[in-house]
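Bear in mind these aren't lab numbers, they're just calculated from the coordinates by the rules spelled out. Every value quoted in this text rests on a predicted model; they were computed, and no experiment measured them. Because the Cβ atoms are built from the backbone with ideal geometry, glycine has one as well, and the counts that use them run over all protein chains shown.
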Amino acid sequence: MNAKTYKKLIAKQLNQDFKFAVEIVEFPIPKPAASEVLIKNKFAGVNGGFDTLLCRGDVPYVNLTPPFDLGVEVVGEVVAVGENVQDFQVSDAVVTTNRGGGYREYQVVNANLAFKVREVTPEVLTLMPTGVSALVALEQVGEMKSNEVVLVTAAAGGTGHIAVQLAKLAGNHVIGTCSSEAKANLLKEFGCDRIINYRTENLNQILKQEYPNGINLIFDCVGKQVFDTCVENLAVRGRLVVVGFISEYAKDVEQITQPRIYHQLFWKAASVRGFLMPHYKEYMPEARDRLLNLFYTGKLKVAVDPNHFQGIESIPAAVEYLLSGQNCGKVVVRL
Ligand SMILES: NC(=O)c1ccc[n+]([C@@H]2O[C@H](COP(=O)([O-])OP(=O)(O)OC[C@H]3O[C@@H](n4cnc5c(N)ncnc54)[C@H](OP(=O)(O)O)[C@@H]3O)[C@@H](O)[C@H]2O)c1
């Protein structure tokens, strides 16, 4: 290992705009303590929504004060192990999913926070923790069943494309929304039954015309008017899982005045449920193992966005790209 220093991206101040909140800093590469491993990060998953909210100071459950580290999931290679570490050796391919461990070239972590994978490829970043979130949200919060109608919004995105396939594998009719022909083609490949390009078709009209009995389970990543349409089209005993509201992350929260939401839910005995992965941590290991198994046995396909971002310097552009809504699959930065 020739390098002596490494770069990482930190939030130096809170700012509404991610790129004005961050800066690159350089540090000596640390040595692992007895129970730690040193990992050379190779690919980082980009969670542009979460990154932006963190840098705006809008993530109440962490409530960080700058400076703080950024990034979550990475796949990389073990380059040194502490003297008490037994389960890892140099050149092992590993994934870590710790907040603050992602947007950096090297990291030392306690060995029990690293997870071995077959190889250092960006594809595994679609599964951990993104795919895990999709699985837990559908099953634990959405109480996913079979033979129901499931709607996934932002269906061709990092989280959505896994949710679509999991809902299909469970035996449901799956509707997916997206904004381009390229995304629609991807969703076709993933077996989505009804693909709605919301730029060329009206989501509310289609749901009302083609699904007059309503939607049983909705996995909403988008929010705003899409959320309103989803609530309006819930079936009797339908469940809407609020996975995110990306259409509002980089904007001020819209103030609305309308009758309280129970007027829409009560008569259908429907429900709206929030999902946040950190509050469902205990489901992570089983979900991760199941997803990896589905992936390695070819039952689950994964999509990494073809746009190549290279280096720590490219992270603000990658975040902006994700928030622009152009991405197809998981956005990844090569470090
Ligand atoms: N609750 C949790 O624990 C958890 C965990 C992971 C992810 N999430 C949430 O899941 C959602 C997806 O995250 P991701 O990282 O996988 O991103 P992503 O889906 O890969 O990318 C975001 C997608 O959102 C869609 N979108 C729709 N309206 C948008 C708008 N106004 N502005 C920007 N994008 C818009 C775009 O696709 P189309 O235009 O094709 O719809 C875009 O490609 C986010 O809301 C995120 O916060 C939540």
Next on the checklist: Taking the square root of 5 times each eigenvalue of the Cα gyration tensor, what semi-axes in Å does the equivalent ellipsoid of the range 55-207 have, largest first?
Outcome noted: 35, 19, 15
Checklist entry - Can you give me the relative contact order of the chain as a percent, contacts being Cα pairs under 8 Å and 6 or more apart? => result 18
Item to check | Whichever lysines have a C-alpha closer than 20 Å to that of Lys251, once near sequence neighbours (fewer than 8 apart) are set aside | outcome: Lys19, Lys224
Next on the checklist: At R0 = 41 Å, how high is the FRET efficiency between Asn112 and Lys12 if r is their beta carbon distance? Nearest 0.05 is fine.
Outcome noted: 0.85
Checklist entry - Check Gly329: other-chain or 5+ apart residues with amide H under 5 Å from its amide H, H built from backbone geometry? => result Gly157, Gly158
Next on the checklist: Kirkwood Rh over alpha-carbon pairs of the range 128-278, then Stokes-Einstein at 37 °C and 0.692 mPa s: what D in µm² s⁻¹, rounded to an integer?
Outcome noted: 215
Checklist entry - According to the Cα gyration tensor, what semi-axes, each the square root of 5 times an eigenvalue, does the equivalent ellipsoid of the range 62-111 have, listed from largest to smallest in whole Å? => result 24, 11, 9
Next on the checklist: Could you give each residue of the range 311-316 its phi-based ³J(HN,Hα) in whole Hz, using Karplus coefficients 6.51, -1.76, 1.60 with θ = phi - 60°, and x for Gly or Pro?
Outcome noted: x, 3, 4, 8, 5, x
Checklist outcome for this item: Least to most buried among Thr257, Thr5, by other C-beta atoms within 10 Å and fewest first, runs Thr257, Thr5
Next on the checklist: Return the equivalent ellipsoid semi-axes of the range 204-335 as a descending list in whole Å, where each equals the square root of 5 times an eigenvalue of the C-alpha gyration tensor.
Outcome noted: 31, 21, 15
Next on the checklist: Need one number: nm distance between label points at Lys19 and Ile261, each 7 Å from Cα along Cα→Cβ, rounded to one decimal.
Outcome noted: 3.4
Checklist entry - Using the Cα atoms of the chain to build a convex hull, what is its mean projected area in square nanometres? => result 16.9
Checklist entry - By the scheme Lys and Arg +1, Asp and Glu -1, what is the net charge of all other residues having a beta-carbon under 13 Å from that of Leu64? => result 0
Checklist entry - Which pairs break 22 Å Cα to Cα here: Lys7/Lys301; Lys42/Lys330; Lys42/Lys299; Lys7/Lys116; Lys4/Lys31; Lys183/Lys301? => result Lys7/Lys301; Lys42/Lys299; Lys7/Lys116
Next on the checklist: Relative contact order of the range 136-211, please, whole-number percent, based on alpha carbon pairs below 8 angstrom and at least 6 residues apart.
Outcome noted: 26
Checklist entry - If you take the alpha carbon radius of gyration of the range 1-145 and divide it by 2.2 N^0.38 Å, what ratio comes out, to two decimals? => result 1.11
Item to check | Whole-number percent relative contact order across the range 128-278, with pairs defined as alpha carbons under 8 Å at least 6 apart | outcome: 22
Checklist entry - How much mean residue ellipticity at 222 nm does the chain get from its helices, if each DSSP H run of length 4 or more adds -39500 (n - 2.57) and you divide by all residues, to the nearest 500 deg cm²/dmol? => result -6500 deg cm²/dmol
Next on the checklist: Quick query: amide H of Leu240 versus all other amide H atoms, modeled in the peptide plane; which residues come in under 5 Å with a sequence gap of 5 or more or a different chain?
Outcome noted: Ile218, Ser271, Val272, Arg273
